Amino acid sequence: MDPIPTKPIIAALLEPLPPLKQGRNDLADESIVRLLVRGFIDQSLAAFQEVLHGRLGEDEAIDGINRQATALNSVFLGTSGLDSVVTHPWNSPDQLGAFLQDVVALEYPEDDCVRAMLIHLATQLMHALRLPDEERNEEVEALTLDAADLLLGRAPEEDDGFDIDGE
């Protein structure tokens, strides 16, 4: 089976959302950031389901998730070149990348920290899939909010869902 396409998903998510922003998606807008994080989570969960049902190989799923994370890395670090996205000084490796390096304790270059954080998020999603339905839904929601907070420059609370230590 063909790998799950990622670029069309990113492009679709970045289409202007008229009710939210008149023609452009502002990365300082919490609702836009949450939408992008949720899109990544939904794509990751879909890939995990495809693997579980034998319709996609593990390597293909990992590659698709990584492509999605790489595309979002360029969006959040302001290097995507997409006219439909409004970035700010925060959306740069020396700002957002350095923040993620510090808060999430990532040992990656600043210009790759959004991708690394999203891959870490996908790993946490795999662990959440082992939980009972109600707990799983709560965990996925907590992970979504925490990841969006990180991308907006807010460190998660100590006892929140985004496990900085990876445990």
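Could you say which residue among Leu82, Leu106 is within 17 Å of the chain's Cα centre (by Cα), at pLDDT below 95 and part of a loop (DSSP other than H, G, I, E, B)? Walk me through how you get there before you give the answer.
On the way: Leu82 fails: within 17 Å of the chain's Cα centre (by Cα).
Going through Leu82, Leu106 in turn, just one is within 17 Å of the chain's Cα centre (by Cα), at pLDDT below 95 and part of a loop (DSSP other than H, G, I, E, B): Leu106.
Considering the conditions (1) within 21 Å of Leu27 (Cβ to Cβ); (2) part of a loop (DSSP other than H, G, I, E, B), Arg130 is excluded by exactly one of them, (1).
Show the residue pairs meeting these rules: Cβ distance below 6 Å; 6+ apart or different chains; first residue within segment 36-60 and free of Cβ contacts under 8 Å to residues at least 24 places away in the same chain; second residue small (Gly, Ala, Ser). If the second residue must be small (Gly, Ala, Ser), the pairs left are Val51/Ala61.
For every residue, the table says whether it meets (1) assigned to a helix (DSSP H, G or I); (2) surrounded by 14 or more Cβ atoms within 10 Å (Cβ to Cβ).
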| position | (1), (2) |
| --- | --- |
| Ala47 | yes, yes |
| Trp90 | no, yes |
| Asp94 | yes, no |
| Val114 | yes, yes |
| Asn137 | yes, no |
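The listed residues are Leu125, Leu143, and the only one of them that is out of contact with any Ser or Thr (no Cβ under 7 Å at 6 or more places or on another chain), part of a helix (DSSP H, G or I) and closer than 16 Å to Gly39 by Cα turns out to be Leu143.
The values are calculated or read from the model by the stated rules, or taken from the named source; none is laboratory data. This is a predicted model, so every value here is computed, not measured. For neighbour counting, all protein chains shown are included, and Cβ atoms are generated from backbone atoms with ideal geometry for every residue, glycine included.
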